[in-house]
Structure formats: C-alpha cells, structure tokens
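Below you'll find the structure, written out as structure tokens, and then a few comments.
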Amino acid sequence: MAAWCFSGTKIVAIGSNYRDHAAEMGKPVPAIPKIFLKAPSAVIGDGQAIVIPPRTQRVDHEAELAVVIGERASRVPRHAALDVVAGYTLCNDVTARDFQKEDGVFTRAKGFDTFCPLGPVLVTGIDPGNLGIRCYVNGVVRQQSRTDQMVFDVATLIAFVSDIMTLMPGDVISTGTPAGVGPLVPGDVVVVEIDGIGRLTNPVVARDDRARAE
Ligand code: ZN
C-alpha cells in the first residue's frame, strides 16, 4: 500500500454496474457496459471538501472501486487485462441527481469541481472480484455490498474500455456503485470503504458564491 494521487488523463466511470443499483434507479441491467467520463478537474483527495453547487436539489454519494491503470493499454484482451492494472483505490462518484435526470447526459451532473474524491492509497496484490464495499454518512451505513455483485467485472471493463480508447498510466476506471445511493448535505461527512483498501473521507460544504456576486 502506498500513498497515491491522481495523475492520469481521464476517469472512465461505469453506470448501472451493480444489479441492485440499476433496480433502484429504475434502469434495466445493461447488456454492455455504460461508460462515461468524469472531468479530471473534479478530482479531490482524502479530507478535502465536496462543494455542493447552488440550484441542485439533490447531490448523491456513490461508493466505487477505482482501478488505476499502470501502463499504456490499447485493445487489451480480457485474459490479460489485469496485467495492466497498477493497483486499486477508492472513488466517490458524486452526482447531482436532478441534473443527471434533467440533462440525460452525465457531464454536468458528475463534472462539478470536487465531485470526484479519489484515493488516498494504491493497493496491489488483491483480488478485485469479491471485496466488501460500503459508504457511511455521518457514521451511518448507506451502501453495503460486495464487488462480486458487479454486472461486468474489472477485467471485462478494462477490455471493453481499452477497445474504445487508449488507457494511459494513471488513468482510472471507476467501476460503478451498489444500491443505497442517497443525498449529501452541507455538514455531512462521507466515507467510502472497501475491504483491503481502506477509507476515503470527505466533508461536505455548500458553495459560497457571495464573493463572486459582489
Ligand atoms: Zn457511479
């Protein structure tokens, strides 16, 4: 385990990749991985504040296993996919749920500054296929599942994504969230926890636009 911070070119995230989360969102279990990009400028580290922007009525936490790519990787076959992994860390795919529904695309809803807590350590030598994953808000468990509930496993996701776009060292694939997503409000403290990796903790604050308006 080593301290880690994001240095890649992109964060590829996966939608509806746990059966129970697809069900709670009223979406079918996908036949192929549903991928989208989160802005690298949204990344923050452990302990930094998630800033809720004005106008959104609902910002959710999404606890996710994050795969960090270790080498340039294009069209990697599934059987060799785990060879390009540098290690694993934690992601909170923070989402303005009302904007996601309003837009139909995810760039605004998931792209605000601070909406991608990542880290804080890189863990190697673990099997990503059956890890306990949890999210706590103010110490109360909100999400609790295991990575064996993913629709598409880590190797399948790397093969699928690298067939579309070249993955670079430091790039991240965030593998989707289980059921139990729920709102964050200013004053909350949210923790993403995965067995064998650790915890990613972030306070939540409201954006203060008064200085800008003056
Ligand atoms: Zn997500």
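Only the coordinates and a few stated rules stand behind these numbers; no lab work does. All figures in this text were calculated on a predicted structure; none of them were measured in a lab. Neighbour counts are summed over all protein chains in view; Cβ atoms, including those assigned to glycine, are modelled from backbone coordinates with ideal geometry.
Points to keep in mind about this one:
- Karplus-based coupling profile of the range 188-198, in residue order and whole Hz: 6, 10, 10, 10, 9, 9, 10, 4, x, 10, x, with θ = phi - 60° in 6.51 cos²θ - 1.76 cosθ + 1.60 and x standing for Gly or Pro.
- The chain - charge dipole about Cα centre, Lys and Arg +1 at Cβ, Asp and Glu -1, debye rounded to 20: 360 debye
- Among LEU131, LEU200, the order by Cβ neighbours within 10 angstrom, fewest to most, reads LEU131, LEU200.
- Where chymotrypsin sites (Phe, Trp or Tyr not before Pro) fall in DSSP loop in the range 30-112, at most 13 other Cβ within 10 Å: none
- Cα gyration tensor of the chain - equivalent ellipsoid semi-axes, whole Å, descending: 26, 18, 17
- Look at HIS21, HIS79 and count the other Cβ atoms within 10 Å of each Cβ; fewest to most, that gives HIS79, HIS21.
- GNM flexibility winner over the chain from VAL190, VAL123, VAL94 (Cα, springs under 10 Å): VAL123
- The slack in the chain from ARG199 to GLN57, taken as 0.36 nm per residue of separation less the alpha-carbon distance, amounts to 48.4 nm.
- Helix content alone sets the calculated 222 nm mean residue ellipticity of the chain: runs of n ≥ 4 DSSP H residues at -39500 (n - 2.57) each, divided across all residues, give -3500 deg cm²/dmol.
- Dipole axis of the range 112-214 (+1 Lys, Arg; -1 Asp, Glu on Cβ), positive-most option in GLY132, ILE194, GLY180: GLY180
- Note on LYS101: lysines with a C-alpha under 23 Å away, same-chain residues under 8 apart excluded, are LYS27, LYS34, LYS38, LYS110.
- Gained length - SER74 relative to ARG207, 0.36 nm times residue gap less alpha-carbon distance: 44.0 nm
- Between SER16 and THR177, the built amide H atoms are under 5 Å apart, and every one of these is 5 or more places off in sequence or on another chain.
- In the chain the longest region clear of trypsin sites (Lys or Arg not before Pro) that are loop-assigned by DSSP and have at most 11 other C-beta atoms within 10 Å covers 76-214.
- With 0.36 nm allotted per residue and the present C-alpha distance subtracted, the THR9-ASP103 stretch has 31.4 nm of extension available.
- Between ILE164 and VAL141, the FRET efficiency from the beta-carbon distance, with R0 = 41 Å, is close to 0.70.
- All-pairs Cα distance distribution in the range 34-125, expressed in whole percent, bin size 10 Å: 15, 41, 29, 13, 1
- Contact order relative to length of the chain, as percent, for alpha carbon pairs under 8 angstrom and 6 or more apart: 34 percent
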